1. Measure off, as a whole percent, the carbon and sulfur share of the 1.4 Å-probe accessible area of the range 1-116, all protein chains present.
2. Out of every Cα pair in the range 33-109, what percent are spaced more than 17 Å from each other?
3. Along its principal axes, what span do the Cα atoms of the chain show, with the longest given first and each in whole Å?
4. Just read off the accessible area of Glu40 with the full protein assembly in place, 1.4 Å probe, to the nearest 10 Å².
5. Going 7 Å from the Cα of Ser190 toward and past its Cβ, which residues in the range 210-252 have a backbone nitrogen under 19 Å from where you end up?
6. Keeping all protein chains in place, calculate the accessible area per residue for the chain (probe 1.4 angstrom), answer in Å².
7. Rank Asp53, Asp68 by accessible area, highest first, at a 1.4 Å probe radius?
8. Please report, in debye to the nearest 20, how large the charge dipole of the chain is about its Cα centre when each Lys and Arg carries +1 at its beta carbon and each Asp and Glu carries -1 there.
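The values are calculated or read from the model by the stated rules, or taken from the named source; none is laboratory data. Just so it is clear, the structure is predicted and the values come from calculations on it, not from any experiment. Ideal geometry is used to build each Cβ from the backbone, glycine not excepted, and the neighbour counts take in all protein chains shown. With ligands, DNA and RNA removed, areas are computed over all heavy atoms of the protein, side chains included. Shrake-Rupley method; radii C 1.70, N 1.55, O 1.52, S 1.80 Å.
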Amino acid sequence: MAAGRNTADMLDAAVHVREAARNATSGATGVDTVLAALSEVMAYDHASLARWDPLRRRHTTLAGSYPDDATAYIENRLHRDPVFAVLRGPARDGLWLRDVPGQLLAASPGFQEVLRPLGVEDGVAQCLFAVDGRYVGMLNVSTRRPRRTPDPARAVVTLLTEALAAALDSPAGAPSGRDAPHPRRPGGLSPRELQVLAELTTGRTNREIAERLHVTPRTVGTHIEHILAKLDLPNRAAAAARAAAWGIEARH
């Protein structure tokens, strides 16, 4: 954002991003309008919103302004970058470039091969998660100019993550074809069954899952039976593997 903008301007800009995200979620507008609105929160040289395709195990850019080689990296290689493991960690906070340890940057092909040649000095990468815990994609924002400190955009981007995730998880951004999972209810599972499925990825027992979800172990067992039947899977290990393939994981 331009220097000197006050708190009211920042909040207005954030509201515009949320409105754009709602319109994109409903299919009224494209995801590109979300990035356009985001430029009023944080001026950038390059930005993208990329949806995670759990079946193809890659990202698909729904809107972006990065050069072709950078877009190709985001789509096909970013999820294997050492930085990505930090991004998808338990904290799920955005990773701002100036905060990344030098050792990690040195080991990151994304920084060394893509961002550094673009002259990028600042920006943020933010993983986005649906309300049921699924990883749905990410926001990448890059600028060639260092941002001021303290930077109010940091808090605003954090507050916008739910709206951005909804835009990526909308039917308009969903993969097409018979094999594509439902963008909100993969496998036809209920919201509670999705929660239990996510818990299976942790290796927790039925009793431990029950304590976390405030239900009885017997109820958890029933949910697991329904999950296995709906997904046509033989056991909970197979269900956990399916959840991992879909990007579903338990909240910490």
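1. In the range 1-116, the share of accessible area belonging to carbon and sulfur is 53 percent.
2. 55 percent
3. 58, 38, 36
4. 90 Å²
5. 210-233
6. 49 Å²
7. Asp68, Asp53
8. Dipole about the Cα centre, nearest 20: 600 debye.
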